[in-house]
Amino acid sequence: MNLVIVGSVALDDVKTPLGEVKNALGGSAVYSSLSAQYFTQAGVVGVVGHDFPENYLQTLAARSIRLEGLEKAPGETFHWAGYYEYDMGSAKTLDTRLNVFAAFDPKIPSAFKSVPYLFLANIDPELQTKVLNQITRPRFTLLDTMNFWIETKREALLAVFPRVDMVVVNDAEARQLAGTPNLLQAARWIRNHGPRGVIIKKGEHGALLFWENEIAALPAFPLDTVRDPTGAGDTFAGGFIGALAGSPDLTMDNFRRAAAMGTIMASFTVEDFSTRRLEGLSEEEIRARYRALQKISELKDFAGDFSSNGR
Ligand code: AMP
């Protein structure tokens with residue numbers, strides 16, 4: 001197995017201007033593993049409660065996502081409720097019930113312990129640390145988080161930073177973490193706290209990728225219809241690290257390709273509620289969007305001259 005993902009496995013209540021779902025399949029580990037499995041074999045570490053529907057487990061197992069690290073505990077599954085306003089820019093959390101995650105003590109299956117790629121998806125940073133303590137340092141570790149943990153577990157979160165290679169956050173989280181409105185300064189602040197790289201997602205405005213002294217800017221894939229942005233960030237991160245795990249080495253070109261793939265995968269997720277759209281994509285659908293994004297991003301050399309104004 002090539003990639004281990006630790007994160008939330010959730011039942012989500014989500015309302016957007018285009019509809020509503022209750023107890024839908026969600027969670028950071030779910031979106032990211034469903035995205036990553038198109039490119040590499042992934043295993044999930046997490047916990048569900050007695051109320052987690054069997055058909056949701058089937059959705060993951062049917063895609064060869066390894067579930068021996070997914071514990072079933074007495075109690076209720078992690079539950080998140082949120083909504084989006086007209087512009088669907090950012091989720092407003094109504095309720096976060098950790099339930100079985102509050103007492104979760106991850107035990108990493110032996111087959112997961114020397115995995116080359118690790119994604120510490122959005123979950124309590126203390127759980128992220130417990131996972132790191134049980135495995136050999138992977139070739140590449142990516143860490144995600146959110147405002148909830150920045151506000152409630154800041155110290156624990158900053159303690160994980162030196163142990164990972166790259167952090168992925170959205171623009172608001174980057175500003176909140178670093179205490180600066182400027183995203184370049186925020187990326188530098190994060191890198192000064194340990195990781196060699198940072199990705200800052202800007203929703204419908206794309207993403208910035210920083211790796212050592214290089215920067216890449218990616219547009220988002222333009223879409224006609226966005227029904228539910230939930231999971232876009234997790235899907236991006238899963239597609240990114242999945243594609244990276246399938247590439248030969250950690251060069252800037254491969255980071256760019258992987259981030260473009262993350263962008264493409266997120267563009268599918270937001271077209272429908274929950275994981276519906278992400279579940280049954282064909283390789284050709286994914287490749288076609290990748291080619292379209294390549295075309296949108298193409299920037300030729302500047303062909304004009306600066307002398308035509310009489311200078
Ligand atoms: P995003 O990719 O940021 O839209 O992530 C959406 C997913 O994050 C939802 O499916 C939620 O179940 C999950 N989620 C929301 N809050 C938390 C939290 N505090 N910790 C872990 N997962 C969360």
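Loop-only chymotrypsin sites (Phe, Trp or Tyr not before Pro) in segment 35-77, please: DSSP not H, G, I, E or B, and at most 16 other Cβ atoms within 10 Å. Walk me through the intermediate numbers first.
Values: sites: Tyr38, Phe39, Tyr56; in loops: Tyr38, Phe39.
The qualifying sites: there are none.
Amide H to amide H, which residues 5 or more places from Thr275 or on other chains are under 5 Å from it, using H placed in the peptide plane?
It is Leu25, by chain and number.
Let me know the charge dipole size of segment 161-311 about its Cα centre in debye, to the nearest 20, where only the beta-carbon of Lys, Arg (+1) and Asp, Glu (-1) is charged.
Details: 18 positive and 20 negative charges, 76 e Å.
It works out to roughly 360 debye.
Can you give the relative contact order of the chain as a percent, counting alpha carbon pairs under 8 Å and 6+ residues apart? List each step's numbers first, then the result.
Numbers: 660 pairs, mean separation 53.8, N = 311.
Once normalised by length, the contact order is 17 percent.
With all distinct Cα pairs included, what does the Kirkwood hydrodynamic radius of segment 3-297 come out to in Å, to one decimal, could you say?
Numbers: mean 1/r = 0.0534 Å⁻¹.
Its Kirkwood hydrodynamic radius stands at 18.7 Å.
Apply the Karplus curve 6.51 cos²θ - 1.76 cosθ + 1.60, θ = phi - 60°, to the phi angles in segment 146-153 and return the couplings in whole Hz, x for Gly and Pro.
Result, rounded to whole Hz: 8, 3, 3, 7, 4, 7, 9, 9.
In debye to the nearest 20, how big a dipole does the chain give about its Cα centre with +1 on each Lys and Arg Cβ and -1 on each Asp and Glu Cβ? Mind dumping the intermediate values first?
Values: 32 positive and 37 negative charges, 155 e Å.
So the dipole magnitude of the chain works out to roughly 740 debye.
Positive end of the charge dipole of segment 37-98 (Lys, Arg +1 and Asp, Glu -1 on Cβ, about the Cα centre): tell me which of Thr96, Tyr84, Val45 has its Cα farthest that way.
Val45
Going toward the positive end of the dipole of segment 3-297, with +1 on Lys and Arg Cβ and -1 on Asp and Glu Cβ, which of Pro162, Ile200, Gly262 do you reach last?
The Cα lying farthest towards the positive end belongs to Pro162.
Step through the residues of segment 7-12 one at a time and calculate ³J(HN,Hα) from phi using the Karplus curve (6.51 cos²θ - 1.76 cosθ + 1.60, θ = phi - 60°), rounding each to whole Hz and writing x for Gly and Pro.
Taking θ as phi minus 60°, the curve returns x, 7, 10, 10, 10, 10 Hz for segment 7-12.
Report the one residue of Phe148, Thr180, Leu278 whose Cα lies farthest in the direction of the positive end of the charge dipole of the chain (charges on C-beta: Lys and Arg +1, Asp and Glu -1; origin at the Cα centre).
Result: Thr180.
Along the Cα→Cβ direction, 7 angstrom out, place labels at Asp51 and Thr129. What is the inter-label distance in nm?
In this crude spin-label approximation the distance works out to 3.0 nm.
Phe148 versus Arg287, label points 7 Å from Cα toward the beta carbon: distance in nm?
Label-label distance for Phe148 and Arg287, simple model: 3.9 nm.
By count of other Cβ within 10 Å, fewest leading, how are Arg291, Arg175 ordered? List each step's numbers first, then the result.
Numbers: Arg291 11, Arg175 18.
Going from sparsest to densest Cβ surroundings: Arg291, Arg175.
Per DSSP helix of 4 or more residues, -39500 (n - 2.57); summed, then divided by the residues of the chain. What does that give at 222 nm, rounded to the nearest 500?
Numbers: 11 runs with 107 residues, N = 311.
After summing the helix terms and dividing by residue count, I get -10000 deg cm²/dmol.
Let me check I've understood the local charge: for Ala178, count other residues with C-beta under 14 angstrom from its C-beta, Lys and Arg +1, Asp and Glu -1. What total comes out? Could you put the intermediate results ahead of the total?
Numbers: positive: Arg154, Arg175, Arg188, Arg191; negative: Asp171, Glu173.
Taking every Cβ under 14 Å from that of Ala178, the sum is +2.
Check the chain and count each lysine pair with an alpha-carbon distance under 22 angstrom, considering only pairs eight or more places apart or from different chains.
Final tally of qualifying lysine pairs is 17.
Say each of Leu158 and Asn182 gets a label point 7 Å from the Cα, pointing the same way as Cα to Cβ; how far apart are those two points in nm?
According to this spin-label approximation, the distance is 2.1 nm.
Which helices pass in the chain if a helix is a full DSSP H run, must span at least 20 angstrom along its long axis by Cα, and must have mean Kyte-Doolittle hydropathy not below 0.0? Intermediate values should be presented prior to the final figure.
Working: long enough: 252-269 (26 Å, 0.24); 283-297 (21 Å, -1.14).
Span-like helices, by this rule, are 252-269.
Give the shape of segment 14-78 as rounded, prolate or oblate, defined through the alpha-carbon gyration tensor: a ≥ b ≥ c are the square roots of its eigenvalues, a/c under 1.5 means rounded, and otherwise the shape is prolate if a/b is larger than b/c and oblate if not.
Values: a/c = 2.18, a/b = 1.18, b/c = 1.85.
Because a/c hits 1.5 or more and a/b fails to exceed b/c, segment 14-78 counts as oblate.
First measure r as the distance between the Cβ atoms of Ala216 and Arg139, then evaluate 1/(1 + (r/R0)^6) with R0 = 22 Å and state the FRET efficiency to the nearest 0.05.
Numbers: r = 21 Å, r/R0 = 0.93.
My answer for the efficiency is 0.60.
Within a Cβ distance under 10 Å of Val4, other residues only, what is the Lys/Arg minus Asp/Glu net charge?
Working: positive: Arg66, Lys113; negative: none.
Residues near Val4 contribute +2 overall.
Listing Leu209, Leu250 from the residue with the fewest other Cβ atoms within 10 Å to the one with the most, what is the order? Intermediate results must be reported in sequence, preceding the final value.
Numbers: Leu209 25, Leu250 16.
In order of increasing Cβ crowding within 10 Å: Leu250, Leu209.
Read-outs: derived from the displayed coordinates by stated rules, not from any lab. Note that the coordinates shown come from a computational prediction; the quantities given were computed from them, not determined experimentally. Glycine gets a Cβ as well: all are built from the backbone with ideal geometry, and neighbour counts include every protein chain shown.
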